[in-house]
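Colleague: Got a structure for you, written out below as structure tokens; questions coming shortly.
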Amino acid sequence: MHQSSASTTVLSPRKILTFWLPLAATWLMMAVEGPYVAAIIARLANPTANLAAYGVAFSLAFVAEAPILMVMTASNTLVADRQSFLAMRRFVYALNALLSTALAIGLLPPLFRFVTERLIGLPSDVSHLTHFALATLVLWPAAIGYRRFYQGILVRYHMPRRVAYGTIIRLVSMSVTAAGLALATPLPGAPVGAIALMTGVLAEAVASRWMAHTVVSALLDDRRAAAAEPLTPRAIARFYYPLALTSLISVAVNPMVTFFLGRSRSAIESLAILPVVGGLVFLFRSGGIAYQEVAVALMGASGENERPVARTALLLAGVSALLLVAILFTPLAEVWFVGVSGLSPALGQFALWPARMIAIIPAFEYLLSFQRSRFILARHTRVVTIASAVEVCTIAALLTAGIAGLNMTGALAATTAMMVGRLAGNIFLFVPSVARSATQPVVSPEPVLGGR
């Protein structure tokens, strides 16, 4: 065992980028899986009903997993020795069991039919397919929590490439399962897609645990004196609850926007193009999502590497925004929307200005990840939640004003609201009185392992 070098060596942009790249690649690969599975379902029998059922099932599973998503950040931040590893593992396993049990309860037929047929308004045949698909995803929250717990440990101990390897295993497992079920079984498309997703994430969870075995063994064998303030369940809950709430608030944005779009001018066109616009923007902002883990792992418990991490965030923010602007403000936009995404020329033109409105959101993603990481390291996670609430409330207010007050087209109102909302969240974390609370981090023990 040896001391991590993150805090004893000056971090160059090259070192930070080398650390960031596998995590960014992981998010890009995960962005591919949804369209890939949908493409398989679209080629099976009754594609419309099965695509709808698959979409609803995945959305419900995503809501169930939302409270566990920030576990990667939590283990990256908190797991420093044997005691903290065991405490965090007990917490994560309990939360995994709770969320999967809640999802299983939601599958009880009377409750499920009420949600899908009465609230969502699905036809009974689509509701039945959705139930079949979601039943195969009952362990989804637990599998996500399990693998993100060990992925956070891999990142903390400077093994980000192993996270990317796990995602490759997930995609290969998912692809083989989907293709095999589609070719060899009469299963409908929705459960085929759900089983493929479940197989992929289970394979990734097992792989993540296996790839973390050397770190875990070292932590369990670590007999150093316990920290002066051992990590207690109450301390973990106090740290993690705001992060879980942040995820839930973020998940609420999509259904809220969909609700407003359905009542807007050009509603159908807006609903049609927004996923395409969002998919393009996500390609450029996904690296920013990954940067939060990079900053938490590399900034140092006392913030000694904050400046190089901040400079690299600014560099990546500028590059990502410039690349997206280069697409959206040139003829490449038509190539993407019409040639690649398959929109009609009219819809491609309709998508242009809504997309341009959020062209610099990728830059805000990097800045937000850096800002959040400072508060996470200081264990002031409530501030992160408040910033997310500020963003969502701003989006809701502007959607109301744009659609009900100004009669804007739904897509343009939505992207304008998203842009201003993200700006408001960033600005809140820059307010001097708020930012000062991130300048006194709670120092935790340094990692006992290093490696690439």
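Colleague: Which number in (1) farther than 22 Å from GLN349 by Cβ; (2) crowded, with 18+ Cβ neighbours inside 10 Å marks the one condition that PRO308 misses?
Modeller: (2)
Colleague: Please state which one of PHE284, PHE259 is without any contact (Cβ under 8 Å) to a residue 40 or more places away in the chain and in the same structural domain as ALA346 (by TED's automatic domain parsing).
Modeller: Selected residue: PHE259, the only one of PHE284, PHE259 that is without any contact (Cβ under 8 Å) to a residue 40 or more places away in the chain and in the same structural domain as ALA346 (by TED's automatic domain parsing).
Colleague: Where residues in the stretch 11-37 are part of a helix (DSSP H, G or I) and either hydroxyl-bearing (Ser, Thr, Tyr) or assigned by TED's automatic domain parsing to the domain that holds ALA52 (or both), which of them is surrounded by the most Cβ atoms within 10 Å (Cβ to Cβ)?
Modeller: The residue in question is THR26.
Colleague: Which residue, of ALA326, ALA297, ALA346, ALA351, is small (Gly, Ala, Ser), within 30 Å of ILE153 (Cβ to Cβ) and assigned by TED's automatic domain parsing to the domain that holds SER369?
Modeller: That would be ALA297, the only listed residue that is small (Gly, Ala, Ser), within 30 Å of ILE153 (Cβ to Cβ) and assigned by TED's automatic domain parsing to the domain that holds SER369.
Colleague: State whether the residues of the stretch 154-168 include one that is among the hydrophobic types (A, V, I, L, M, F, W, C) and free of Cβ contacts under 8 Å to residues at least 60 places away in the same chain.
Modeller: no
Colleague: Please go through the stretch 315-342 and pick out each residue that is in a loop (DSSP other than H, G, I, E, B) and surrounded by 15 or more Cβ atoms within 10 Å (Cβ to Cβ). I'd like the intermediate steps shown before the answer.
Modeller: If we filter the stretch 315-342 for residues that are in a loop (DSSP other than H, G, I, E, B), which is where we start, we get 329-331, 341-342.
Answer for the stretch 315-342, where residues must be in a loop (DSSP other than H, G, I, E, B) and surrounded by 15 or more Cβ atoms within 10 Å (Cβ to Cβ): just SER341.
Colleague: Would you check if there is a residue in the stretch 284-298 being within 18 Å of the chain's Cα centre (by Cα), within 27 Å of CYS393 (Cβ to Cβ) and outside any helix (DSSP H, G or I)?
Modeller: no
Colleague: Now, a different point. Any chance you could count how many residues in the stretch 310-349 are small (Gly, Ala, Ser) and under 30 Å from MET299 (Cβ atoms)?
Modeller: The total comes to 6.
Colleague: Take the stretch 300-319 and flag every residue that is out of contact with any helix residue (DSSP H, G or I) (no Cβ under 9 Å at 6 or more places or on another chain) and among the basic types (Lys, Arg).
Modeller: If the condition is that a residue be out of contact with any helix residue (DSSP H, G or I) (no Cβ under 9 Å at 6 or more places or on another chain) and among the basic types (Lys, Arg), then ARG307 is the only one that fits.
Colleague: Pick from the stretch 354-401 the residues that are farther than 22 Å from LEU271 by Cα and of a type in the set (Ser, Thr, Tyr): which of them is surrounded by the fewest Cβ atoms within 10 Å (Cβ to Cβ)?
Modeller: Among residues in the stretch 354-401 that are farther than 22 Å from LEU271 by Cα and of a type in the set (Ser, Thr, Tyr), the one surrounded by the fewest Cβ atoms within 10 Å (Cβ to Cβ) is THR385.
Colleague: Okay, next question. Does any residue of the stretch 73-92 turn out to be of a type in the set (Val, Ile, Thr) and assigned to a loop (DSSP other than H, G, I, E, B)?
Modeller: There is at least one residue in the stretch 73-92 that is of a type in the set (Val, Ile, Thr) and assigned to a loop (DSSP other than H, G, I, E, B).
Colleague: Do we have ILE386 as within 20 Å of the chain's Cα centre (by Cα) and either over 15 Å from ILE361 (Cβ atoms) or not assigned by TED's automatic domain parsing to the domain that holds GLU365 (or both) here?
Modeller: Taking the combined requirement at face value, the residue satisfies it.
Colleague: Report yes if ALA404 is modelled with pLDDT under 90 and either surrounded by fewer than 24 Cβ atoms within 10 Å (Cβ to Cβ) or not in a helix (DSSP H, G or I) (or both), otherwise no.
Modeller: Answer is yes for this residue.
Colleague: What number goes with the only condition from (1) touching a helix residue (DSSP H, G or I) at 6+ places or on another chain (Cβ under 8 Å); (2) at pLDDT 85 or above; (3) not polar (S, T, N, Q) that LEU322 does not pass?
Modeller: (1)
The values are calculated or read from the model by the stated rules, or taken from the named source; none is laboratory data. This one's a predicted model, so the numbers in the text were calculated from it and none came from an experiment. Cβ sites come from the backbone with ideal geometry, for glycine too, and all protein chains shown count toward neighbours.
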